[in-house]
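Report on the structure given below.
The values are calculated or read from the model by the stated rules, or taken from the named source; none is laboratory data. Quick caveat, the model's predicted, so the values are computed rather than measured. Methodologically, a virtual Cβ is constructed for each residue, glycine included, from the backbone with ideal geometry; neighbour enumeration extends over all protein chains shown.
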Amino acid sequence: MRKQLTIILVLFTSFIFSQGLKTSGKIIVDENGNEVLLRGYTPGGWLVMEGYMMQSEGTAGAQHEFVEKFTELVGEEKTNQFFAKWRENHFMQEDVDSLAAWGFNSIRVPLHYNLFTLPIQEEPNSDQNTWLETGFDIIDNVLEWAEPHQMYVILDMHAAPGGQGRNSEISDYDPSKPSLWESERNKTKLVQLWKKIAERYKDNKWIGGYDLINETNWDLPGGVALRDIYERITTEIRGVGDNHILFIEGNDYGNNHAGLTPPWDDNMVYSFHKYWNSTNENDLDWILPLRDNYNVPLWMGESGENSNKWYTDAVHLFESNNVGWAWWAIKKLGDIDSAFSVIKNPGYQEIINYWKGEGDKPSEDDAFAAMMKLADNLLIKNCLYRKGIKDALLRQPHTNETIPYNKAQEIPGIVYLSDYDLGKSGFAYYDLDSADYNLSTGSFQAWNRGWRYRNDGVDIETNNDSKSNGYHIGFVGKGEWIKYTVNVKEAGLYRADFRHASAADGARFYLSNNDQNLTSVLSTNSTGGWFDFITTSMNGLVLNEGNQEIKIHFDSNNEVNISSIEFVKVGEINQANFSSVSAKTGSDEKSIELYLNQDVDEATLENVLGDFNVTVESSNLNIQSISYNASKARTIVINLEDNLLFTQKILITYSGDKIKSKTGKNLDKFSNMEVLNNLEPRYVLPAKIEAEDYVNMLGISVESTTDDGGGSNIGYTDQNDYVEYKIYNSQTRKFTIDFRVAANSDAGEVSLDLVDESTGRYIEVMDNLTLPVTNDWQSWTTVTKNTSNVIGKGVHILRLNIIKGGFNLNWINFREIDSDSDGVSDSNDNCPNTPQGTRVDVNGCPVFELPLNNFKVEVGSATCIGNSDGVINLSVEDASYDYSVTVTGQSDLSITGTSTTASVTGLAKGTYEVCFKVVGQDGYEQCFEVVVGEPKPLSAFIDVDSNSGKMSVTMGGSSMYYVNINGVNTRVDGDTFETELSTGLSIITISTDLECQGVVKQEVFISEKIHYYPNPTLRNVNVHVGGEDATVRVSVFSEKGDLIYTRDQSIEQGSRKIHIDLTNQITGTYIVTLESKTVRQSFKIIRE
């Protein structure tokens, strides 16, 4: 019986697990073995408050700080009431229903451990865990809400016991207490908590798995401690029969999996996070080998905090690589990058102001009411719904189609510009700044500078304009555009009333209809302020009936705010002349698209080539043909023989009478219509291309450079990376190319190709060039190579291929070809094929030169200060030439024939230029600058220690000196001299062999020591006098300096004492001096 029961239990466990998610090699599958790509959302800020989401960073960043500060305001009971309401309202069934309706299949729930168990500091028994039902009830609720929608719930330990990272906002880490990694009790509590969760949910099929520890950020060498705790948790989870997937994040915010391989479990997924960096096709190359090498799935467990464009691109990147994902966060306070924006009530802002020291302290009642209001604002009905978020995550990664924001806006009527279509950047809108890549670029980029309403690159602000929906677009730049799906209820002739405001003149914009210009360019003037809206009208718009696309295009970097466009019908189409609207450059860069206000009759376009004239700077351009596309019935295309450039001012004239509309009207003539030049900038060769100005790249990052001129360089280069640049070449030719590079330790290698945009073929321009090692990432050098093939006339995409990486690149300089590398371009080189290294003139021809060592210049200094007897001796090695020599201030010399030497004498101190010329070689001259010197004046610094008698002398002006002390002479070789002086007077004289350098004299007196006592005294003072003198002169002065007496006193033999008698002197201070052959001392005595 016992064996039979065991078999039944094993089979039962297997059956239960087979109903949930599990791994199958590199993918995740459901109970039926069908692959499941997780698409999830995370209710961030629900169970773990993070300061940046609460807008309390800097004052209450971590949740425990928020709790402490709020408790100080309202007390513990009301604080608990608020958090209970916060958890109740933040994420509930209606939120799950919304996620399911949108198309998400999973929820990542970020947990705080303190909802399940007490902190170790509060445990009544240190070797036991107190379990709380709060957290388990929350999980139960989420599972109950998710099950009807067949959504998977992934439990994420966002805040582990003690905190798993130094970033306290993420994990609620308190630096005053031991972290997870510093406390075995915290580790054990985490392990036991996961065991408890596993015991409770092991049989629940809608548990998608366990994200064991979120975003560890701690110094854990080799990942040893992280793997150890993961394995301990795994043992406990598996030990209770729970076989749910284990999601394993690395250190360093989830992305450093060092030490976490190979896998230790057969139902494990490696997880990583991605924020604020590039979304190029190879940007997962760093993590994909983890999946491929160990045959386990990957899951991108957290991302967000960016624009819709970034969201779409990131999801496309993940799903293209078959990686599931979970987004952060569903709700955020007062932001645009979450699905629901929680409105920040004024009372809550007053609390934040108080905490930051910027406002008064609110009362307890006011503070509590404000926080409970904030909790009520969490409900979906009270939030601002950002519908573009879910569209960017779920629809846009799989289609370029755009759809109306609400419904197609109707014409006649008002089109609100903030309600542009939902869709990708480049399809629903184009904005110069549409995402933040600061971890790749090094700087933050605001994608919506108005920070209102929507999460795209289109910049939106709020206003009080009477003809708006409360919002307007602004911060516009040249080349940006925005698209609207409209429903034209009535065909006709329309007026467009633009509602706009600006504080400056010069904004330019126009409209297009179904990608054909509908208006000419409207230039605006200042309205007096950015929110002072006025109406400016454009007439003559011809619109057909039905659903169609309207775009507004901006043709200037001068900004303007526009809230709406009202389309007013003013007539019927048959009332309008057939006329040109505007013209712009074609995308092929060698055509002009001429836009008309009505459909053109294609049959009338024959034989009209001569009716058009196109000029650039008064020069006529050759027109190759006139073409027409039925899909753009209002457009005529003028095809040119040569390419156009973005810098050109282009004018077009029509002077014919053949072109008609489909209704039979003749096209009105026009003269010198300026063509909208919307071409992108290209480098016009020859040119210096800044490396960071690429149009496409793979795997490259940009950083600041310290090279001459500053700016930026590209770096982080690896094999198979590339960068592409747009170039224009006016004629087929070769070039010489300079590369400005730096490399710390690896020799890089590059090549250049042209990319054929129509076929995708690559045409070699320059074969492989090896780049040098410069021993530092910012130590720059220039290397040069000639193109191996010509670059054809016209526009091209230039691709720099990274054959070997490990270098930085600042710029690439295309010069006119210099085939012999002599520094003179071929077009100016009168002497081609000059041997490598030959010195040439400006015409590229070799110049006459002699080796530098052919000339020898020797200098003899003047013999003494002020003398003019210096000499310059000259000689040459090669006597086959005659030389003329000039010396500053002297007559010219000649060195001719067999004589190879000459001299210039009688020179005073000074700097002279000596120049050799070769007779018969005009233009050749070799010059040297020399200095004729003279001896320096003697200098001597004498330093004496009066206590020890030691003397040191530092001298200058010669290499040898004489030091005489009291008639005893010492020769000194060198600049220093030391000796010990005898007591008494020493007369010191210092000199050299040159009398003109002068003499330094100094007298030094070294006194014998004395000792006197008592002091103060009532009558006499005894003085002990050192040395051998028999007498000493004693002088006594009053404190004012009046002489009391002077007398010579004998020094007692043996005791060496003298006595100073002050018996007859009044009380006061006296100054005593002693002088003898070896004594010079003075001191003060106090007579009491």
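Structural remarks
- Screening Asn382 on (1) in contact (Cβ under 8 Å) with a residue 60 or more places away in the chain; (2) under 30 Å from Ser564 (Cβ atoms) shows it passes everything except condition (1).
- Members of the stretch 737-763 that are more than 23 Å from Gly715 (Cα to Cα) and either touching a strand residue (DSSP E or B) at 6+ places or on another chain (Cβ under 6 Å) or acidic (Asp, Glu) (or both): Asp756, Glu757, Tyr762, Ile763
- Residue match in the stretch 139-151 (condition: small (Gly, Ala, Ser) and in contact with a His (Cβ under 8 Å, 6 or more places away or on another chain)): no
- Residue match in the stretch 411-434 (condition: touching a strand residue (DSSP E or B) at 6+ places or on another chain (Cβ under 9 Å), hydrophobic (A, V, I, L, M, F, W, C), in a helix (DSSP H, G or I) and surrounded by 17 or more Cβ atoms within 10 Å (Cβ to Cβ)): no
- Restricted to the stretch 446-525, the set of strands (runs of 3 or more DSSP E) holding at least 3 residues that are more than 32 Å from the chain's Cα centre (by Cα) comprises 481-488, 492-502, 508-513.
- Flag if Ala370 is more than 30 Å from Ser704 (Cα to Cα), in contact with a Pro (Cβ under 9 Å, 6 or more places away or on another chain) and of a type in the set (Gly, Ala, Ser): yes
- Of all residues in the stretch 768-792, those that are in the same structural domain as Ile802 (by TED's automatic domain parsing) and surrounded by 14 or more Cβ atoms within 10 Å (Cβ to Cβ) have Cβ atoms under 7 Å from Cβ atoms of residues that are in a loop (DSSP other than H, G, I, E, B) and of a type in the set (Phe, Trp, Tyr), 6 or more apart or on another chain, in Leu771/Phe807; Thr774/Trp780.
- Subset tally (residues that are over 15 Å from Ser440 (Cβ atoms) and surrounded by fewer than 17 Cβ atoms within 10 Å (Cβ to Cβ)) for the stretch 697-706: 1
- Residue match in the stretch 857-864 (condition: farther than 30 Å from Val887 by Cα and in a strand (DSSP E or B)): no
- In the set Thr604, Thr535, only one residue is assigned to a helix (DSSP H, G or I) and either modelled with pLDDT of 95 or more or crowded, with 17+ Cβ neighbours inside 10 Å (or both); that residue is Thr604.
- In the stretch 362-373, residue surrounded by the most Cβ atoms within 10 Å (Cβ to Cβ) [restricted to those that are without any contact (Cβ under 8 Å) to a residue 40 or more places away in the chain and in contact with a helix residue (DSSP H, G or I) (Cβ under 8 Å, 6 or more places away or on another chain)]: Ala370
- Residue within the stretch 461-477 that is closer than 21 Å to Tyr385 by Cα and of a type in the set (Asp, Glu) present: yes
- In the stretch 346-361, residue surrounded by the most Cβ atoms within 10 Å (Cβ to Cβ) [restricted to those that are closer than 30 Å to Trp310 by Cβ and not β-branched (Val, Ile, Thr)]: Tyr348
- Filtering the stretch 888-926 to residues that are part of a strand (DSSP E or B) and of a type in the set (Gly, Ala, Ser) leaves Ser894, Ala902, Ser903, Gly906, Gly910.
- Within the stretch 370-402, being over 26 Å from Trp310 (Cα atoms) and in a helix (DSSP H, G or I) holds for Ala370, Met371, Met372, Lys373, Leu374, Ala375, Asp376, Lys381, Asn382.
- Just so you know, in the stretch 435-481 the residues that are among the acidic types (Asp, Glu) and out of contact with any helix residue (DSSP H, G or I) (no Cβ under 6 Å at 6 or more places or on another chain) include one that is surrounded by the most Cβ atoms within 10 Å (Cβ to Cβ), and it is Asp459.
- Just so you know, in the stretch 1054-1088 the residues that are among the aliphatic types (A, V, I, L, M) and part of a strand (DSSP E or B) include one that is surrounded by the fewest Cβ atoms within 10 Å (Cβ to Cβ), and it is Ile1086.
- Against the conditions (1) among the small types (Gly, Ala, Ser); (2) within 33 Å of the chain's Cα centre (by Cα); (3) under 22 Å from Leu38 (Cβ atoms), Gly222 satisfies every one except (3).
- Search result, residues across the stretch 772-802 that are part of a loop (DSSP other than H, G, I, E, B) and either among the β-branched types (Val, Ile, Thr) or under 15 Å from Val750 (Cβ atoms) (or both): Pro772, Val773, Thr774, Thr787, Ser788, Val790
- Among the residues of the stretch 475-514, those that are of a type in the set (Asp, Glu) and touching a strand residue (DSSP E or B) at 6+ places or on another chain (Cβ under 7 Å) comprise Glu480, Glu490, Asp497.
- Within the stretch 243-356, strands (runs of 3 or more DSSP E) holding 2 or more residues that are among the aliphatic types (A, V, I, L, M) and touching a residue at least 24 places away in the same chain (Cβ under 8 Å): 246-249, 268-274, 298-304
- Search result, residues across the stretch 913-955 that are closer than 30 Å to Gly998 by Cβ, surrounded by 15 or more Cβ atoms within 10 Å (Cβ to Cβ), in contact (Cβ under 8 Å) with a residue 60 or more places away in the chain and hydrophobic (A, V, I, L, M, F, W, C): Val930, Val932, Leu938, Ala940, Ile942, Val944
- Residues of the stretch 146-174 satisfying the condition of being in a helix (DSSP H, G or I) and within 27 Å of Val36 (Cβ to Cβ): Ala146, Glu147, Pro148, His149
- Search result, residues across the stretch 538-580 that are part of a loop (DSSP other than H, G, I, E, B), surrounded by 16 or more Cβ atoms within 10 Å (Cβ to Cβ) and within 42 Å of the chain's Cα centre (by Cα): Asp555, Ser556, Asn558, Glu559, Val560
- One residue alone among Arg395, Arg386 is over 30 Å from Thr59 (Cβ atoms) and either in contact with a Ser or Thr (Cβ under 6 Å, 6 or more places away or on another chain) or outside the structural domain of Lys274 (by TED's automatic domain parsing) (or both), and that residue is Arg395.
- Considering residues of the stretch 1029-1046 that are surrounded by 12 or more Cβ atoms within 10 Å (Cβ to Cβ) and among the charged types (D, E, K, R) only, the residue nearest to Ser982 (Cα to Cα): Asp1029
- Against the test of being more than 24 Å from Ala84 (Cβ to Cβ), in the same structural domain as Trp102 (by TED's automatic domain parsing), outside any strand (DSSP E or B) and modelled with pLDDT of 95 or more, the options Leu193, Leu226, Leu143 yield a single qualifying residue, Leu226.
- Single match in Leu645, Leu609, Leu676, Leu621 (criterion: closer than 13 Å to Ala583 by Cβ and touching a strand residue (DSSP E or B) at 6+ places or on another chain (Cβ under 8 Å)): Leu676
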